[in-house]
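Here is the structure we will look at.
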Amino acid sequence: MLTTNTQAPDKTLKAIKKFAEQYAKRTDTYFCVDPSVTAAVIEGLTRHKKELGAPLCPCRYYEDKEAEVKTAFWNCPCVPMRERQDCHCMLFLPQDNELAGEQQEIDMGVITEMRDNNCVTA
Ligand code: SF4
């Protein structure tokens with residue numbers, strides 16, 4: 001039977017994953033103790049990068065996504081993250097955050113599994 005929702009990790013997803021891992025290391029922040037949170041945010045950033053050309057924060061509502069991309073305020077890493085390590089998506093957590101895990105890397109399989117199980121939109 002043909003599987004329609006199992007896709008190999010693509011170039012954009014790989015690039016966003018690499019960015020998140022490198023940025024966490026650079027800022028001494030950690031991924032959430034629940035890897036599905038990290039996976040969902042990376043997948044959301046990837047989707048925006050593909051749709052809009054920029055990794056617009058996936059955890060907010062926007063009236064006009066194209067306009068938001070142009071302001072760059074919520075392009076990841078957003079201004080609150082850059083200025084005060086405030087990531088409301090819980091992608092980058094300071095070590096003393098109670099939801100911070102010990103990882104600054106995430107397995108690609110966790111991301112693609114979450115995506116394939118949850119993402120049914122085109
Ligand atoms: S809150 Fe900022 S740093 Fe965190 S995922 Fe969204 S854009 Fe990126």
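Each value in this text was obtained by applying a stated rule to the coordinates, not by laboratory testing. Note that this is a predicted model, so its numbers are computed, not measured. Positions of Cβ are generated from backbone atoms using ideal geometry, with glycine treated the same way; all protein chains shown enter the neighbour counts.
Kindly put TYR30, TYR62 in sequence by how many other C-beta atoms sit within 10 Å of each C-beta, fewest to most. Each step should come with its number before you reach the end.
Values: TYR30 21, TYR62 14.
Fewest to most other Cβ atoms nearby, the residues stand as TYR62, TYR30.
Identify all aspartates and glutamates with a Cα-Cα distance to LYS14 below 18 Å; exclude those on the same chain that are fewer than 8 residues away in sequence.
Filter leaves GLU43, GLU51, GLU105, ASP107, GLU113, ASP116.
How long are the semi-axes of the equivalent ellipsoid of the chain, taking √(5λ) for every eigenvalue λ of the Cα gyration tensor, in whole Å from largest down?
Values: eigenvalues 103, 76, 26 Å².
The three semi-axes for the chain are 23, 19, 11 Å.
Please compute the modelled spin-label separation between CYS59 and ALA72, points set 7 Å along Cα→Cβ, answer in nm with one decimal.
2.3
Once every DSSP H run of n ≥ 4 in the chain is given -39500 (n - 2.57) and the sum is divided by its residues, what mean residue ellipticity at 222 nm do you get, rounded to the nearest 500 deg cm²/dmol? Mind dumping the intermediate values first?
Working: 5 runs with 59 residues, N = 122.
Estimated from H runs of four or more residues: -15000 deg cm²/dmol.
For the stretch 35-64, which GluC sites (Glu not before Pro) pass both filters: DSSP loop (anything but H, G, I, E, B) and at most 15 other C-beta atoms within 10 Å? Each step should come with its number before you reach the end.
Numbers: sites: GLU43, GLU51, GLU63; in loops: GLU63.
Loop-located and lightly packed - GLU63.
Hand me the trypsin sites (Lys or Arg not before Pro) from the stretch 3-98 located in a DSSP loop with no more than 12 other Cβ atoms within 10 Å, in residue order please. All intermediate terms of the calculation are to be shown ahead of the outcome.
Numbers: sites: LYS11, LYS14, LYS17, LYS18, LYS25, ARG26, ARG47, LYS49, LYS50, ARG60, LYS65, LYS70, ARG82, ARG84; in loops: ARG60.
Filter output for the stretch 3-98: ARG60.
For ILE106, what charge total do you get from the other residues with a beta carbon under 15 Å from its beta carbon, if Lys and Arg give +1 and Asp and Glu give -1? All intermediate terms of the calculation are to be shown ahead of the outcome.
On the way: positive: LYS14, LYS17, LYS18, LYS25, ARG115; negative: GLU21, ASP34, GLU43, GLU102, GLU105, ASP107, GLU113.
Charge balance in the 15 Å sphere: -2.
Please report the net charge: other residues with Cβ closer than 12 Å to the Cβ of ILE42, K and R +1, D and E -1. Intermediate results must be reported in sequence, preceding the final value.
Numbers: positive: LYS14, LYS17, LYS18, ARG47, LYS49, ARG115; negative: GLU21, GLU43, GLU105, ASP107.
So the environment of ILE42 carries a net charge of +2.
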